[in-house]
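No value in this document is a laboratory result; all are computed from the given coordinates. All of these numbers come straight from a predicted model, not from anything done at the bench. Cβ placement follows ideal geometry from the backbone for every residue including glycine, while neighbour counts extend to all protein chains displayed.
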């Protein structure tokens, strides 16, 4: 009788532990006992159903990992779209491609997406089918409508003129979440033919290691955990009731072979050649708006597959007028030779700082 009571008590305790989250402490290091900072800890939260779907109530910018048998681990960041479609890469390394729905195909490269009257920078057209889109119009005009839409953003008339605006109306009213609030997301995992992938494991990021290689997070015992770091092989483990964890990660081997990436070129030169052109083009206008204190403007832009400069954004500035001049000048860049990878043109992003000392030229 006592044995039966003890067995029942043990089972009850195990069930209680499995039902509640425990506070774990992770200490992460490499084979040389050096702490690894900035590593992400992902914990299993569920699996996709027969239709390849998994529903999650989460905040904007939540990081997920999708682990499907026969496919590589696939990362996903939840953005404004309540539907997130994931097509994992084959474990053999073969890349998959995503096609836009026919109604959303347009010649505009990186258009500004306005969905149901709201500017959504993170909108992904391939998440939606034609049956979900009621209509779409495009414009490159800076008028009352576009000015009203972008009045509280960093988008300017030159962005609209160069990138264009795709104004999309959905058949269902989509409630876009904000960074402070949670929203109901549906993650759909499919293969390249659109067939659902059942039992794909969904992981959510629970934390990152600090400078000492340490991190604290909550999770349930019995769940799988994956630790990822850019320079190290993924580390996988099953969580137990032991809440103090130590892990040693192995550095990824250096890839050997012929380098097949080529950066874009400007007038036969590199980014320094473009800076010379920029200085000649914008110096006079920038000097008009120089100030007593040093002026700093940091822009980010993309040289597209066609060699055209697209998606110019100001990511740091202390002089709005100078920032506007920098953005306009970069948009007016002559054609580049696009970046190449494996013989195909690719988009390449650049960070472009501009500094002015006092009232002097740069």
message = Using Cβ contacts closer than 10 Å as the measure, can you line up 90, 29 from fewest to most?
response = 90, 29
task = Could you calculate the FRET efficiency of residue 223 with residue 350 from 1/(1 + (r/R0)^6), where r is the beta carbon distance between them and R0 is 45 Å, rounded to 0.05?
result = 0.65
inquiry  = At 7 Å along Cα-to-Cβ for each site, give me the label-to-label distance between residue 61 and residue 192 in nm.
reply    = 3.5 nm
ask   = What FRET efficiency, computed as 1/(1 + (r/R0)^6) with R0 = 35 Å and r the Cβ-Cβ distance, is obtained for residue 29 and residue 341, rounded to the nearest 0.05?
value = 0.55
task = Find how much the distance from residue 199 to residue 77 grows on full extension, using 0.36 nm per residue of separation minus their present alpha carbon separation; answer in nm with one decimal.
result = 41.9 nm
key: Extension gain (nm, one decimal) between residue 37 and residue 252, 0.36 nm per residue minus Cα-Cα   = 75.8 nm
inquiry  = What does the extension gain come out to for residue 357 and residue 275, with contour length at 0.36 nm per residue minus their alpha carbon separation?
reply    = 27.8 nm
Inter-label distance, nm, simple model (7 Å from Cα along the C-beta direction), residue 296/residue 244 = 4.3 nm
14 Å reach of a label modelled at residue 20, 7 Å along Cα-to-Cβ, counting backbone N of region 187-208 = none
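Please work out the FRET efficiency for the pair residue 129 and residue 237, using the Cβ-Cβ distance as r and a Förster radius of 51 Å; give the result to the nearest 0.05.
E between residue 129 and residue 237, to the nearest 0.05, is 0.85.
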